[in-house]
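Worksheet for the structure shown next.
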Amino acid sequence: MTATRFCIVRHGETDWNAEKRLQGQMDIALNVVGQAQAQAIRASLKNTVAFAAVYSSDLARAWHTAEIATADLGLTVLPAPTFRERHYGTHQGLTSAEAARTHPAMYHLHQARDLHYTYDTGESLAAFAARVQGGLQTLAKRHAGQAILLFTHGGVLDIIYRLATQRPLDVPRDFPIPNAALNWLAYAANPAANAWQIITWGDQTHLTGALEEVG
C-alpha cells in the first residue's frame, strides 16, 4: 500500500515567539520575520510534490502562514481546528519567568510535563495528545496514499514527533521545532510496526535568504 505523506509546517514567527511568551490558543499575528518566512515557504513549495489538500489550524498565525505559503498551489486552505495549539489556561500570555513567579506550583507541573495538569482553565497534555493523534488518523484515512500539507503549531508538532518516534509524552523535549520549518512524515498502517515514520524533520534550508533580507 502506498504511504500517505504529510508535510507539516509550524507557523511563522510572532512577536510572542521572539519574546518566548506562551501563546496557546490566544490569537497572535505574524510579525515581519514570520511573514518573510511564509513567503520563503511559498517559494520552496513550487518545486515540491503535488498536494491533494491543504489544512491549517484556524488560529491567525497558522492561517496567515498557510494563506501566504500556498498562494501558488491552486488549493483552498481548509480549516482544521483539531490542530490548534494546546490551551494553556492561566499560563497563556506569560513568559517562563513570569509563570514561575506568579504560579510556582503550577509552573512545576508544567515543567514536569504532568499528563493531567490543565492550568486550571486549559487542556491536559493527555487530552491534547489524544486530540492531535485523532486528527492525524482522520486525515490519514481521508487521504490514503496521497500527500497533504498541514500548518500548525509547536505543541502539535511536539506530539507528532513523539508519536512517530514512540517517545513518551512526559519526558523533556530534546528535538527542535523551528518556526516555518518543513517536517515530512509518512503514514502506512502496519500492525507489525509504528505506522508513523519521520522522513525529514526541521528542514529550514528554504529560510536562509528570507531571513537575511529581513535582517
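The values are calculated or read from the model by the stated rules, or taken from the named source; none is laboratory data. Being a predicted model, the structure only gives us computed values, none of them experimental. Backbone-built Cβ (ideal geometry, glycine too); neighbour counts: all protein chains shown.
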Legend entry - Of all residues making up segment 162-187, the number that are surrounded by 17 or more Cβ atoms within 10 Å (Cβ to Cβ) and over 27 Å from Arg61 (Cβ atoms): 0
Legend entry - Of residues in segment 35-66 being under 15 Å from the mean Cα position of the chain (by Cα) and of a type in the set (Gly, Ala, Ser), the one surrounded by the fewest Cβ atoms within 10 Å (Cβ to Cβ): Ala60
Inset, instruction - Give just the number: which of (1) at pLDDT 95 or above; (2) in a loop (DSSP other than H, G, I, E, B); (3) not acidic (Asp, Glu) does Thr138 not satisfy? - result: (2)
Legend entry - Candidates Val77, Val9, Val32 - the one that is farther than 30 Å from Ser124 by Cβ, of a type in the set (Val, Ile, Thr) and either touching a residue at least 60 places away in the same chain (Cβ under 8 Å) or buried (at least 19 other Cβ atoms within 10 Å of the Cβ) (or both): Val32
Inset, instruction - For residues that are among the small types (Gly, Ala, Ser) and under 18 Å from His153 (Cα atoms), tally how many sit in segment 41-62. - result: 4
Inset, instruction - Look through Gln197, Gln133 and report the one residue that is surrounded by fewer than 17 Cβ atoms within 10 Å (Cβ to Cβ) and under 16 Å from Glu85 (Cβ atoms). - result: Gln133
Legend entry - Filtered residues of segment 1-20 (kept if part of a strand (DSSP E or B) and either more than 24 Å from Ile159 (Cα to Cα) or among the aromatic types (Phe, Trp, Tyr) (or both)): Phe6
Legend entry - Residues that are part of a strand (DSSP E or B), of a type in the set (Val, Ile, Thr) and under 20 Å from Gln37 (Cβ atoms), drawn from segment 141-183: Thr152
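Would you say Glu19 is acidic (Asp, Glu), out of contact with any helix residue (DSSP H, G or I) (no Cβ under 9 Å at 6 or more places or on another chain) and modelled with pLDDT of 95 or more? Quick ask: steps written out before the conclusion?
Working: acidic (Asp, Glu): yes; out of contact with any helix residue (DSSP H, G or I) (no Cβ under 9 Å at 6 or more places or on another chain): yes; modelled with pLDDT of 95 or more: yes.
Taking the combined requirement at face value, the residue satisfies it.
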Inset, instruction - For segment 160-190, name all the residues that are modelled with pLDDT of 95 or more, closer than 25 Å to Thr2 by Cβ and hydrophobic (A, V, I, L, M, F, W, C). - result: Ile160, Leu163, Ala164, Leu182, Trp184, Leu185, Ala186
